[in-house]
Structure formats: structure tokens, C-alpha cells
There are 2 protein chains.
Amino acid sequence: MIIPDEKTIKQPRITLVGAGPGDTDLITLKGVKALQTADVVLYDALVNEELLESAPTDAIKVYVGKRSGDHSYSQDAVNKLLIDYALNYGHVVRLKGGDPFVFGRGFEELDYAALNNIPVQVVPGISSSIAVAGLQHIPVTHRGLSESFWVVTGTTASGKISNDVYEAARSKATVVVLMGLHKLAEIAEIFKKEGKQNLPAAVIQSGSTSNEKVVVGIVDTIVGLAEQNKIASPALIIFGEVVSLHPDFQFAKEFYDIVARG
Amino acid sequence: MIIPDEKTIKQPRITLVGAGPGDTDLITLKGVKALQTADVVLYDALVNEELLESAPTDAIKVYVGKRSGDHSYSQDAVNKLLIDYALNYGHVVRLKGGDPFVFGRGFEELDYAALNNIPVQVVPGISSSIAVAGLQHIPVTHRGLSESFWVVTGTTASGKISNDVYEAARSKATVVVLMGLHKLAEIAEIFKKEGKQNLPAAVIQSGSTSNEKVVVGIVDTIVGLAEQNKIASPALIIFGEVVSLHPDFQFAKEFYDIVARG
């Protein structure tokens, strides 16, 4: 139960802000400006908490993310909190990791606010799907290697691997899998069944942060590399010829060529 | 020929910065910080020139973009300018629209700099491929409607439509086409051949800027809508069930249902 203070009641509004991949400098100016005028900030697990320093010191900061073992709010509970806080305190900034609409369930919150007649402004964020590869100098597109990129989730609502992963494995697109590390072996198998055991692949942990770690190989070796190097979530998987542009790839290739030659 | 001033020679380095989709507040803090320490800024046509105000007043600002009818630099010329300026002036910020690696040819510049032993730092940008749809409250992914999104270019090096567009039209992914407005009729035809004449589709011009304009319909109507509303480049096309979440879609649907009923 939130008790309103009559003096502080302001026009309710919500700003849905993408916080970016983790590096606090990878939020947009617009995101910072939204935070500076926040009465309440609702933030997720993948958001760098240092970003909260941009909000006024007396703004209410509420953690609503999911961490294994911790208490976490359901999507319904988050939706309701957004409305409650907006009605009682004014400007609510909903700070989400990456971009709010890339597997962020941002639209569900936007929709629920609209049903409650609360205006929502969207501030896009840097999505790890593009940026985390780019920070490792792997371009999602590159002339002669890739004319498109396809971003899929490794974690669907049902728990099964999305059919889109099977389709993506058949395509010539650069394939970026978010939240797929726990299914890496299964996903690599899907690529192998398409005859792509030699396709370059990389796994990048905690891109843009001090915990960043990368392994670069091919479909046939990527599962072992990720295990040996103890890659942990959050991690992004990227499949495609563009991975061959990573500085570590040439080394890996030479090594496996020697192994292949016996 | 650039004549160096010995007193001002600094360590050569290049920062490849994504400027975002057009709104000057959609650059990252990291991008602004790079501009603030720039000795030279090389910028493209799709970059909002107001961003140059973040660079020191005495920094050299060079426009290297392409505008129809204007003189423009070839990619080779841009690569060489980057090196020349870095060697002679120090910190060169290469400011590119959107994200440097989403059809931005950013890797070619990074690679050329590496060949010349000049260190390059990458600062990702907000890519219109995700953000321009999101600003229109169209989420590229949404539970129950889309488990992935596929970003393709409408303009390939050869001038032909990419094979990836044909594959994307067959998939269940949300399909985002960049630089495809001049081929909209051809692209819509590809979706029709897959039996997707009723698939929701939108075209968004100049997303995030004061020239933003949107038309929302289905594959069968989108070409006419774009023409009637004089949608001009730069524009992004989005195909997928997620487009049905746009507030204009319900109205369009009811209208066409009435027309269909005769």
C-alpha cells in the first residue's frame, strides 16, 4: 500500500528507458535526462545500479528484477507497481537493460499503462544484440560476409528452443542469440544439423562491463570453449562469417587447421 | 595535403561513434565524451549536425557523407582521411548515423586503421532498426507475436534486392528493412508471393526527428499508403504481427475489413 503525500502529487507519467548493455556511459542523454526528473525509478537485474545516481537523491528506487534465488516480481506485479507509483508520485522511470523492446517485455508495460490512461514515453537503449558484438570488433553486418542479422532468444516463455532458432540456423544471416547460454550445446547441435559445424561462432559474457569475456571458435568447438573458459550468464552467442573478423579467430583457425591435419 | 603543426601533434587514435537515429539526445554519454576530446570529427549525411556542438570549437569538422547530387567521398577516401587526420591531429572521432556496424561499413574503417597501427575504440549507437520502431510503440519482439527480429538492407552493393529479403519474407521473424523505400513495391511483392498480403506493415520516415512520419497498414496496402503520404527517405520498413500493436493499426484494419466486405 503506497500512501500519497498530497503536496508532492504530480501529473502521472511513465518513461520506459533502455539502460544499455551495462557500461554506465552507454545510456543515452535522453535516458539520463529522464532519470534526472524521476520521482520513482523501477529497475531490473541487468541494469547497472550506478545509473541510479543520475536520479534525484530523494527519488524512490525500486528493484523489480529477477535474480536466481532472490524474490522477484511477476510481470503483473511490475505493471501494477508502475501504475501505483505514477498515480501517487508522478514521474516513474522504468529502467530496463538493453532496449525495452528486445525481449524486454516493454510493450506489456506500455500497454498496461495505456489501459490506465497514463502517458508513456519511450527512450530506446543500446541493445546488446548489436553493441556487444560491435564492442568486440565483430560487425553484425559486413560487405561480402553478411547482408542481414537475425536476433533470437534462447529462452522462450515455454522453455523450449524457439522455432526461429531452427530457421535462423538455415539462413545466411548473422545469427545473434540472447539469453541462450544454458542451451548452447542444443543450439550448436541445430547448426551442425544444417552442416554448419565450421561456421565461426563466439560467446561474449557481460559485454561492455569489467566482467567481459569472449571465446571465439566455430560451431564444433564453441561449447567446449565456453565451458573451459567458464563463460557465465548474461552472455550473447553470435554465429556467422562476420565472427571470422575477430582478432582471436585467425589464431583459433590456424590451431584447428593443424589439429585437422593431424 | 594536410600540414601538421608540430606543437599540436598527439597520439593518433580513432573513435568510431554511433550517433543514433537523429534525435541529438539519442547519442550515448560515451559518444558525447568522445566528441568532447576530438581533434577532428568526420561525419556522415545521416548524422544530426547539432551533435558537432559537443566537439571543441577548434576541432576540425569534415563532412564525408553522401547526399544525392553532392560531391561525396568514396569509402577508400574516407579510410585515408581517417588515417591522415589521426596521424596529423591526434584524436579523430568518426561519427556515423545509427550504429557503426549496422550497414555502416564501420568495420572497413576499423580494419584500415588497424592495418595502419592506429588504435580504434568503438562506441555503439542507437540503431534505427530497433529504436525507430520502438519510438512508434511498435516492439520488435513481443510475447505471442514475435520471438525474433531480422534486420536486412534494401540496398545491397550490387543494387539487387538481397536474397536475405526473400528468406526473411518466409520466416516468422519481425522483418525490418533499412534503406529499402525505393524498393518498397518489389519488397511487398516478395511478401505477397509468400501469401502474406495481410501481414501488418509500417513505413517510418525520419524516425526520432521532427520530420518523423508513419504509415501503418498491411502488405497489400503499404505501397499505396507510402505514396499517398509522400513518405521519403530515410525510411524504415517493418513487417510483422507486432505492427498490429500500433495505435493506427486497429483503425486501418477496421477500414479494410469494411472494404473487404464490400
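Where a number appears in this text, it was derived from the coordinates with a stated rule and is not lab data. Everything quoted here is computed from the prediction, not taken from an experiment. Cβ atoms come from the backbone with ideal geometry, glycine included; neighbour counts cover every protein chain shown.
Working from the Cα coordinates of the protein assembly as shown, the gyration tensor eigenvalues give, after taking √(5λ), semi-axes of 33, 29, 27 Å in decreasing order.
The three principal axes of the Cα atoms in the stretch B:108-262 give end-to-end lengths of 68, 33, 31 Å, sorted in falling order. Compute log10 of I(q)/I(0) for the stretch A:172-262 with the Debye formula, placing one identical point scatterer on every Cα and leaving out solvent, at q = 0.23, 0.26 Å⁻¹, to two decimals. Log10 of I(q)/I(0), two decimals: -1.21, -1.49.
For residue B:77, place a label point 7 Å from Cα along the Cα-to-Cβ direction in every copy; what are the distances to the other copies, in nm, shortest first? Values, ascending and in nm: 6.1.
What translational diffusion coefficient, in µm²/s and rounded to a whole number, does the Stokes-Einstein relation yield for the stretch B:8-49 at 25 °C and a viscosity of 0.890 mPa s, taking the hydrodynamic radius as the Kirkwood radius over Cα pairs? Answer, rounded: 216 µm²/s. DSSP finds beta bridges in the protein assembly as shown, and of those with both partners inside it, around 45 percent are antiparallel. Each principal axis of the Cα atoms in the stretch B:209-262 has its own extent, and those three values, largest first, are 37, 22, 18 angstrom.
With respect to chain B, whose longest principal axis is taken over its alpha-carbon atoms, helix B:75-89 is tilted by about 40°.
In order along the stretch A:183-194, the Karplus-derived 3J(HN,Hα) couplings, from 6.51 cos²θ - 1.76 cosθ + 1.60 at θ = phi - 60°, round to 10, 3, 4, 4, 5, 4, 4, 4, 5, 4, 4, 8 Hz, and Gly and Pro are given as x. Applying D = kT/(6 pi eta Rh) to the stretch A:54-124, where Rh is the Kirkwood radius over alpha-carbon pairs, T corresponds to 25 °C and eta to 0.890 mPa s, the Stokes-Einstein value obtained is 187 µm²/s. Plainly put, the tip 7 Å out from Cα toward Cβ on residue B:185 is 5.5 nm from that tip on each other copy, the closest given first. Of the residues B:89, B:250, B:210, the one whose Cα sits farthest towards the positive end of the charge dipole of the protein assembly as shown is B:250 (charges of +1 on Lys and Arg Cβ, -1 on Asp and Glu Cβ, taken about the Cα centre).
Across the copies of the chain, residue A:144 has label points (7 Å from Cα along Cα→Cβ) spaced 4.7 nm apart, shortest distance listed first.
Nearest-to-axis residue in chain A, judged by Cβ distance to the rotation axis that brings A onto B and given in whole Å, is A:150, 2.
The three principal axes of the Cα atoms in chain B give end-to-end lengths of 78, 37, 33 Å, sorted in falling order.
Structure remark: mean-square fluctuation, Gaussian network model of chain B, C-alpha springs under 10 Å; the largest value among B:104, B:159, B:18 belongs to B:159. In a reduced charge model with +1 at each Lys and Arg Cβ and -1 at each Asp and Glu Cβ, the protein assembly as shown shows a dipole moment near 640 debye about its Cα centre.
Short to long, the 5 Å bins of the Cα pair-distance histogram for the stretch A:139-214 hold 3, 14, 25, 25, 19, 11, 3, 0 percent of all pairs.
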